[in-house]
Structures are given as C-alpha cells and as structure tokens.
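Have a look at the structure below before the remarks.
The values are calculated or read from the model by the stated rules, or taken from the named source; none is laboratory data. A quick note: this is a predicted structure, and the numbers were derived from the prediction, not measured. A quick note on method: Cβ atoms are made from the backbone with ideal geometry, for glycine too, and the neighbour counts reach across all protein chains shown. We work out accessible area using only protein heavy atoms, side chains counted, and drop any ligands, DNA or RNA first. Shrake-Rupley method; radii C 1.70, N 1.55, O 1.52, S 1.80 Å.
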Amino acid sequence: MIRPNKSDNATIAENRLAGSMLIEERQNQQNEFRNEPMRDFSDKQQRDSFSKAINKSTINSVRFIDEVQAIKLIDAAESSFEFWRSIAVYQRAAKLLRAAEIIRQSRDYLSGIIIKESGKVWREADADVCEAIDFLQFYARCAVEMSLPEKLGSYPGELNEHWGEPRGITVVISPWNFPLAIATGMVAAALVTGNPVILKPAEQTSYIAKILVDFMHQAGVPRQVLLFAPGVGETVGAALVKDPRVATIAFTGSKEVGLDIIRTAYDTQSNQSIVKRVISEMGGKNAIIVDDSADLDQAVIGVRSSAFDFSGQKCSACSRCIVHKEIYDQFVNRLVASTKTLIVGDPMEPGTDVGPLIDEAAAGKVKHYVEVGKKEGKLAIGLNVPDGLEDRVGKPYVAPHIYTGINQNHKIANEEVFGPVLAIIKADSFEHALKIANATNYKLTGGVFSRKPSNLKLAKEKFRVGNLYINRSITGALVSRQPFGGFGLSGVGEKAGGAYYLRQFTVPRVCTENTMRRGFAPELKD
Ligand code: NAD
C-alpha cells in the first residue's frame with residue numbers, strides 16, 4: 001500500500017484548492033470547458049516559433065519490457081489501488097489539470113516528437129497535442145461532477161442515492177495514429193475515477209507515450225498508480241489482458257485486435273473477483289454521400305481532407321465516397337483536380353499536405369489495396385511520391401489514390417485500408433446512397449453533403465453511424481463538442497470525450513436509506 005509522503009501533502013493542500021475551484025466552476029457555470037485553441041500557422045510568429053520548437057525535439061528509443069515484467073507492473077498497480085481510490089476525486093482531478101498545464105508549456109516540442117515519430121504534418125500534430133490537453137481538462141471537470149451522489153426521485157421517508165466507485169486495475173492499450181491524444185484520454189479517464197493504470201502504447205509511438213507518463217508523474221500521479229508497459233502487443237499486451245487481477249481494459253485500435261481482446265477478457269478465470277470490462281474503439285469504413293443538391297465547393301474540400309489528411313490513417317477517415325449520378329462526373333473531375341494540388345512531402349515542412357505512412361507493414365498493406373483498386377475499378381488519379389523523399393524522411397510513402405467504378409461488393413469498398421485510398425461509388429438516388437453507405441458492419445463516422453432539408457432529415461434517421469457530419473469533413477472530432485465513437489464492429493463503449501465516458505471505469509452503487517427515524521437518539525453522536 002502506498003501513502004502520500006511529505007511532498008504529496010503539500011500537493012494535497014494545493015489540490016484541495018484546485019478541487020474546490022473545479023466544483024465552484026461547475027456551480028457557477030463560469031469558466032466552462034473550452035477546447036484548446038490550435039496554432040494559427042498563417043501567423044508568421046506562431047509559424048516560426050513552432051518550427052524552432054519542432055526542430056529541437058528529439059526522440060529517444062524506449063526499452064521494451066517482456067511479459068514477466070508486465071505482470072510485475074500489475075503487482076504494483078494492485079498495491080496502489082486502495083490508496084488511489086480513497087483520495088478525494090478533486091485531488092485526482094487537480095492532477096489532471098496540472099498535467100494539462102505541463103503539456104501546454106511544451107506543446108510545440110511535443111508536436112515535434114509526434115511529427116518525427118508518427119509522420120504527422122504540422123496541423124495534425126498540433127491537433128493531437130490540443131486534444132490531449134482537452135481530455136485532461138474535460139475529464140477532470142466531468143469526474144468532479146460525477147462524484148457527487150445522485151439523488152433518485154423524491155419519496156417521503158426514503159433516500160435513494162446512486163454513485164460510482166472505481167472498478168480496479170485498468171490496462172490501457174493505445175494505437176499509434178493519435179499517439180498522445182488517445183493514450184491521454186483513456187489514461188486520464190481511468191485515473192480520475194480512482195483506478196490504477198498500466199499504459200501499453202503502440203510499439204511505433206512509445207516515446208511520446210513515455211513522455212505522457214513522465215508528465216503525469218510530474219503532475220503528482222504516483223508512480224505505482226500510473227505504470228508504463230512499452231512492449232509488443234501480442235506478448236506484453238496479451239499478458240496484461242489475460243491477468244485475472246485486471247478489471248478494465250480500455251483499448252483503441254484495429255477490429256481484429258479489439259475482438260481478440262474481447263474474447264480473451266471475457267473468458268473468466270476461477271481466481272477472478274470481477275468480470276472484466278472491455279472498452280474497445282475499433283476501425284471504420286466511413287462513407288461520405290454527395291447528393292445532387294450539394295455545394296460542390298464544400299463537398300470537394302470536405303471529401304479530400306477527410307480522405308487524405310494524415311494519409312488516410314484516421315479511424316474516422318473517408319474511404320468511400322458515394323455520389324449521386326446527376327453530379328457524378330462533375331464532382332469526380334473536380335475532386336481529381338483538387339487532389340492534384342496536394343503536396344506530398346516532408347512532414348517537418350509547413351507546406352506539406354500529405355506525409356508518410358507509419359511503417360513498412362502499413363505501406364505494404366496500402367500498396368496491396370492500390371493494386372486491388374486497379375483490378376476492381378478505374379484509377380482516376382494516383383499521385384506520385386517525389387524522388388528521394390522516402391530516404392530523406394526515413395519512412396515509406398503511398399500518395400493519394402482515387403478509384404471510380406467501384407460497387408459495394410468490391411473489396412476496397414468493404415475492407416479498412418487505413419491509407420490514402422478513396423473508392424468512389426455511383427448512386428441512383430439519395431435513398432440508394434444511404435443503402436450503400438449502411439452496407440458495412442463498421443459504424444463509425446459518416447458524412448452527407450446536401451442542401452435538401454428532407455435528405456438531411458433522412459440522413460439523421462437512417463445513416464447508421466456513431467458520428468454523422470453534415471456539410472463538413474468527417475474527421476477532427478473535438479472533445480466535448482463531438483463526443484466520439486462508433487458501434488457495430490467499430491466499437492463497444494461510451495463515446496470518448498463525452499460526459500458518459502467516465503462511468504465505464506466505475507462500478508455503479510445504489511444506497512436506499514429509511515429516513516423515518518424510530519426514536520431520536522441525540523447521544524449517538526458518532
Ligand atoms: P492495432 O490493433 O494494430 O494496435 C493497437 C494496440 O494494440 C497497440 O498498442 C498494439 O501493440 C496492441 N496489440 C496488438 N496486438 C495485441 C494483442 N494480441 N493483445 C493486446 N494488445 C495488442 O492498431 P493500430 O495499427 O495501432 O491502429 C490502427 C487501428 O486503430 C485502425 O484500425 C483504426 O481504425 C483504429 N483506431 C480506432 C479509433 C477509434 O476511436 N475507433 C481511433 C484510432 C484508431
């Protein structure tokens with residue numbers, strides 16, 4: 001069992017203050033949660049200072065642990081649970097707020113690490129860091145609000161209250177594509193609700209995850225409460241998932257791994273004291289419908305950025321574009337012309353639109369779909385990768401590709417590519433487009449470009465996705481404004497960045513008290 005030491009006591013005094021400020025904030029509805037503003041790269045000063053900071057950032061290698069070491073981390077987490085669950089929620093929330101501040105102080109430096117480690121372009125790396133700050137600030141507020149017992153109804157002589165308490169050891173398994181934001185979100189949610197956490201980050205982006213853990217420790221989260229488990233998913237990740245002492249697994253990644261984790265976790269062992277819960281955010285095969293009334297200026301830019309930002313390596317990316325036959329040729333011509341203007345380049349350069357893919361394995365998979373697309377449809381455009389770029393950047397590239405003549409039975413209309421490959425499908429009507437859009441078991445994001453109110457109404461009713469976007473791009477969900485997550489085979493669990501997310505890390509409890517006192521006993525003070 002760990003106890004606060006002297007320096008922690010000083011921290012607790014500060015934390016009490018921060019905690020009461022948080023409660024006051026909620027009560028006064030002042031100082032409401034606001035998303036962290038992104039850098040404005042059209043401003044020379046911001047551009048120059050960002051450039052300076054990212055050039056200074058360096059990546060260090062992270063030593064991977066093995067399964068035996070991973071299990072030792074669970075021992076440590078087990079010993080810290082009692083301490084962590086028993087401190088006041090506002091103290092935990094205050095540590096999140098402090099971590100947000102620490103990240104904010106070095107945000108451009110962190111962007112530099114993300115650019116170098118994952119290949120994100122400037123604005124994508126900046127958005128990743130902003131989202132991490134948002135998760136910390138938002139969940140700190142939600143946790144304080146949620147911690148107050150909720151009174152259920154009003155019955156004479158009876159008090160019914162509902163509250164949640166921490167479930168226990170939480171294993172967080174994160175992906176590489178939002179290497180700071182997604183890890184931060186899952187870690188923050190589990191910690192602030194009183195659970196010790198073991199973070200197993202994606203192999204490709206372990207260094208930014210290590211920095212996150214260091215910053216959380218600096219912010220006052222004890223080392224035995226947040227533990228770091230860099231390592232291979234199939235060994236270290238799998239061992240953590242299997243351990244009977246783990247209560248919750250928060251996973252974001254591919255459908256294959258997510259389903260595997262769900263299977264393993266729900267195979268309850270005789271020495272378990274709680275049925276594990278898996279929060280699993282998985283892939284997508286997201287579609288945008290462009291109908292015959294769409295504003296094509298808006299639609300072309302929206303589809304292009306949804307399909308090719310971060311080289312299509314977002315779970316929310318558009319990989320199917322379903323276009324009404326009346327405007328099909330016009331839209332495709334304009335989309336192709338617009339895609340031609342994208343700059344495929346070095347992510348360290350401010351003007352780069354499309355950077356590299358994460359690694360050779362990902363590039364191999366995307367190249368496979370480039371070939372599949374050629375067989376199944378007609379290549380409308382395939383941009384080239386400039387000579388020498390891969391060597392200079394040290395990562396593989398596949399430039400944007402668009403295929404026309406695709407139908408819903410084709411592979412590239414069904415399988416998650418996770419790269420800059422867009423399939424265009426022709427629809428006879430808006431209803432037909434909706435039918436095609438829904439013909440996948442993934443239900444993550446979707447979009448509609450239309451100016452017809454009746455079509456928009458129909459889309460809200462019938463387009464079965466977790467996050468529907470109308471007349472805008474389908475990526476870039478913001479914490480609190482657009483709580484994010486899918487259903488179907490895209491995920492199980494509450495939406496990340498939403499008010500209900502934290503409940504998943506708690507066990508619900510209800511207490512019913514008979515308040516009709518039989519005899520008054522003032523002498524029983526304690
Ligand atoms: P991935 O599934 O390959 O890896 C995710 C994590 O799981 C990594 O940390 C990995 O090491 C670990 N892992 C791998 N095998 C494991 C095992 N057997 N047991 C335990 N852990 C294991 O995914 P990725 O390539 O990192 O990320 C891309 C995928 O993530 C895409 O499918 C994308 O759609 C999805 N994604 C979904 C969301 C969402 O919110 N729904 C967000 C981002 C990414």
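Residues in the range 128-145 include at least one that is open to solvent by 30 Å² or more (accessible area, probe 1.4 Å), at pLDDT 95 or above and either within 30 Å of Tyr397 (Cβ to Cβ) or among the basic types (Lys, Arg) (or both). Applying the criterion of being in a strand (DSSP E or B), in contact (Cβ under 8 Å) with a residue 60 or more places away in the chain and within 16 Å of the ligand (Cβ to nearest atom) to the residues of the range 481-523, the residue that is most open to solvent (accessible area, probe 1.4 Å) is Val492. Name the single residue that is surrounded by the fewest Cβ atoms within 10 Å (Cβ to Cβ) among those in the range 302-316 being touching a helix residue (DSSP H, G or I) at 6+ places or on another chain (Cβ under 9 Å) and over 19 Å from Thr341 (Cβ atoms). Among residues in the range 302-316 that are touching a helix residue (DSSP H, G or I) at 6+ places or on another chain (Cβ under 9 Å) and over 19 Å from Thr341 (Cβ atoms), the one surrounded by the fewest Cβ atoms within 10 Å (Cβ to Cβ) is Lys314.
Taken together, the residues in the range 396-414 that are farther than 15 Å from Gly377 by Cα and surrounded by fewer than 24 Cβ atoms within 10 Å (Cβ to Cβ) amount to 4. Give the residues of the range 177-213 that are within 14 Å of the ligand (Cβ to nearest atom) and either among the small types (Gly, Ala, Ser) or not assigned by TED's automatic domain parsing to the domain that holds Ala76 (or both), sorted by residue number. Ala181, Ala183, Gly185, Ala189, Ala202, Ser206, Ala209, listed by residue number. Counting only residues that are outside any loop (DSSP other than H, G, I, E, B), open to solvent by less than 40 Å² (accessible area, probe 1.4 Å) and in contact with a helix residue (DSSP H, G or I) (Cβ under 9 Å, 6 or more places away or on another chain), the range 52-76 holds 5 of them.
Please tell me if Asp108 is assigned by TED's automatic domain parsing to the domain that holds Ile198, part of a helix (DSSP H, G or I), within 18 Å of the chain's Cα centre (by Cα) and not aliphatic (A, V, I, L, M). So Asp108 does not fit the description; no.
Table: residues versus (1) more than 10 Å from the ligand (Cβ to nearest atom); (2) in a helix (DSSP H, G or I); (3) not charged (D, E, K, R).
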| position | (1), (2), (3) |
| --- | --- |
| Phe215 | yes, yes, yes |
| Pro222 | yes, no, yes |
| Pro230 | no, no, yes |
| Ala239 | no, yes, yes |
| Ile261 | no, yes, yes |
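Can you tell me which residue in the range 429-480 is surrounded by the fewest Cβ atoms within 10 Å (Cβ to Cβ), limited to those that are over 20 Å from the mean Cα position of the chain (by Cα) and assigned to a strand (DSSP E or B)? Result: Ile470. Looking across the range 372-385 at every residue that is out of contact with any Gly (no Cβ under 7 Å at 6 or more places or on another chain) and not hydrophobic (A, V, I, L, M, F, W, C), the one that is nearest to Ile358 (Cα to Cα) is identified as Asn384.
Tally time: how many residues in the range 263-306 are part of a strand (DSSP E or B) and more than 13 Å from the ligand (Cβ to nearest atom)? Can you show your working first?
Restricting attention to the range 263-306, the residues satisfying the condition of being part of a strand (DSSP E or B) are 277-281, 286-290.
If we keep only those that are more than 13 Å from the ligand (Cβ to nearest atom) too, we end up with 277, 287-290.
So the answer is 5.
If the condition is being free of Cβ contacts under 8 Å to residues at least 12 places away in the same chain and within 24 Å of Tyr500 (Cα to Cα), then the range 260-283 contributes only Val275. Within the range 84-96, residues that are crowded, with 24+ Cβ neighbours inside 10 Å reach partners that are assigned to a helix (DSSP H, G or I) and among the aromatic types (Phe, Trp, Tyr) with beta carbons closer than 7 Å, at six or more positions or on different chains, in the pairs Leu96/Tyr139.
Within the range 244-259, the residues that satisfy the criterion of being within 12 Å of the ligand (Cβ to nearest atom) and not aliphatic (A, V, I, L, M) are Phe251, Thr252, Gly253, Ser254, Lys255, Glu256, Gly258. Every residue in the range 231-251 that is farther than 19 Å from Arg277 by Cβ and under 19 Å from the mean Cα position of the chain (by Cα), please. The one that is farther than 19 Å from Arg277 by Cβ and under 19 Å from the mean Cα position of the chain (by Cα): Gly233. A Cβ distance below 6 Å, combined with a sequence gap of six or more or placement on separate chains, defines the contacts here; from the range 175-200, residues that are in contact (Cβ under 8 Å) with a residue 60 or more places away in the chain and open to solvent by 10 Å² or more (accessible area, probe 1.4 Å) reach residues that are near the ligand (Cβ under 9 Å from one of its atoms) and among the β-branched types (Val, Ile, Thr) in the pairs Pro175/Thr252; Trp176/Thr205; Trp176/Ile358; Ile182/Thr252. Applying the condition of being away from the ligand (no atom under 16 Å from the Cβ) and over 21 Å from Val303 (Cα atoms) to the range 328-366 and asking which residue is least open to solvent (accessible area, probe 1.4 Å) yields Pro347. Among (1) within 16 Å of the ligand (Cβ to nearest atom); (2) in the same structural domain as Leu422 (by TED's automatic domain parsing), where does Phe449 come up short? Of (1) within 16 Å of the ligand (Cβ to nearest atom); (2) in the same structural domain as Leu422 (by TED's automatic domain parsing), only one is false for Phe449: (1).
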